1. Considering only residues of the range 295-313 that are crowded, with 18+ Cβ neighbours inside 10 Å and of a type in the set (A, V, I, L, M, F, W, C), which is modelled with the lowest pLDDT?
2. Out of Leu120, Leu114, report the one residue that is in the same structural domain as Pro86 (by TED's automatic domain parsing), among the aliphatic types (A, V, I, L, M) and over 20 Å from Gly55 (Cα atoms).
3. Mind checking whether some residue in the range 98-111 is modelled with pLDDT of 85 or more and not basic (Lys, Arg)?
4. Does Leu122 fit the bill of being in a helix (DSSP H, G or I), within 19 Å of Gly72 (Cβ to Cβ) and either modelled with pLDDT of 85 or more or hydrophobic (A, V, I, L, M, F, W, C) (or both)?
5. Would you point out which residue out of Ser206, Ser157, Ser214 is under 16 Å from Phe109 (Cβ atoms) and not basic (Lys, Arg)?
6. Among the helices (runs of 4 or more DSSP H) contained in the range 191-289, which hold 2 or more residues that are in contact with a strand residue (DSSP E or B) (Cβ under 9 Å, 6 or more places away or on another chain) and either loosely packed, with under 15 Cβ neighbours inside 10 Å or in contact (Cβ under 8 Å) with a residue 40 or more places away in the chain (or both)?
Amino acid sequence: MTNISPDSHGASGRSGNDCVNLDCMEPEPEAQSRTMFILKNLMLLAMGAVLFAAGFNGFALPHTLLAGGISGLSMLMYYMLGVPDPAVWYALLNVPLYVLGWIGVSRRFFWYSLAGAGMLTLCLNFVHPAVHVADPVLALLAGGSLMGAGLGIALHSMGSLGGTDIIAILTFQKYGFPVGRFNFLVNGIILGAGLIALPLHAVLYSLAMIFVSSATLEYFLGVFNQRKMALIISDKYDCIAEGITHKLHRGCTLLTGEGGFTHNPKKVVLAVVNNIQIKRLEELVYSHDPRAFMITLSTSTVLGEGFLKRKTY
């Protein structure tokens, strides 16, 4: 296997170790201003808290729907007991989960999650969108989308908005179990308890809203990480590899293959590019070899130089 590395400068003239546009996540605090690093994470948490609270107060509560996780449990306590409001229950129920985050994940994750939960508690008290949606189906679609987007944006920080996200992150780190799927499974218990206090139709609407929220969460977690992997079989592999290196400013790898019918040796070019570059790669390949065979695959996460850095909490 032969590796062809990109030249030392990218399209912008910066060195290959620099972050270029959307191609990598934030560097560690040592590589940039620590203040900016903290502010960026707090901004993501604040954006997530505002979106979640908008979906929670604007669409879920008016239709007596249950959200997922600790927020859903706080809503259930509110519906059953009437007082105090869901924001207070949310803060109280988070306390044992903070302890788990401190022990099981990291101190940094704990402090960011504590800040995120504090922001969400404030937003639940003060963010009350003046919307009036009579159709519960539209309400669950809007509420689920807003809450899922809020959670997804918050999880792009080094923390979370508290609640079962702390357990979800711990499970993801240890076992690789998807965060959205974990939350959906946990929410089944909340919905089961909801049958005690709510009518069946409200629980079924809540189930649909949680599904929308989980799907939106998974989308927001993966939308910035998706890349395209291309396998190119061509006799002009050397020209194609050179073009990928010097025109697209990407690395590529030459794999050794063999024709299944002719048994002739073949070179296969393996390259990973972002979604914007895939069309340029296609044009580059077929400008050199109109008979080339190119396979394009979507990837969920690419770790390494020029792409994402491994996120450690």
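The values are calculated or read from the model by the stated rules, or taken from the named source; none is laboratory data. What you see is a predicted model; the values in this text were computed from it and never measured. Positions of Cβ are generated from backbone atoms using ideal geometry, with glycine treated the same way; all protein chains shown enter the neighbour counts.
1. The qualifying residue modelled with the lowest pLDDT is Phe307.
2. Working: Leu120 fails: over 20 Å from Gly55 (Cα atoms).
None of the others qualify; the one that does is Leu114.
3. Of the residues in the range 98-111, the ones modelled with pLDDT of 85 or more are 111.
Those left that are additionally not basic (Lys, Arg): 111.
Within the range 98-111, one or more residues are modelled with pLDDT of 85 or more and not basic (Lys, Arg).
4. Working: in a helix (DSSP H, G or I): yes; within 19 Å of Gly72 (Cβ to Cβ): no; either modelled with pLDDT of 85 or more or hydrophobic (A, V, I, L, M, F, W, C) (or both): yes.
For Leu122, the condition - in a helix (DSSP H, G or I), within 19 Å of Gly72 (Cβ to Cβ) and either modelled with pLDDT of 85 or more or hydrophobic (A, V, I, L, M, F, W, C) (or both) - is not met.
5. Details: Ser206 fails: under 16 Å from Phe109 (Cβ atoms); Ser214 fails: under 16 Å from Phe109 (Cβ atoms).
Only one candidate passes the filter, namely Ser157.
6. Correct list: 237-246, 278-288.
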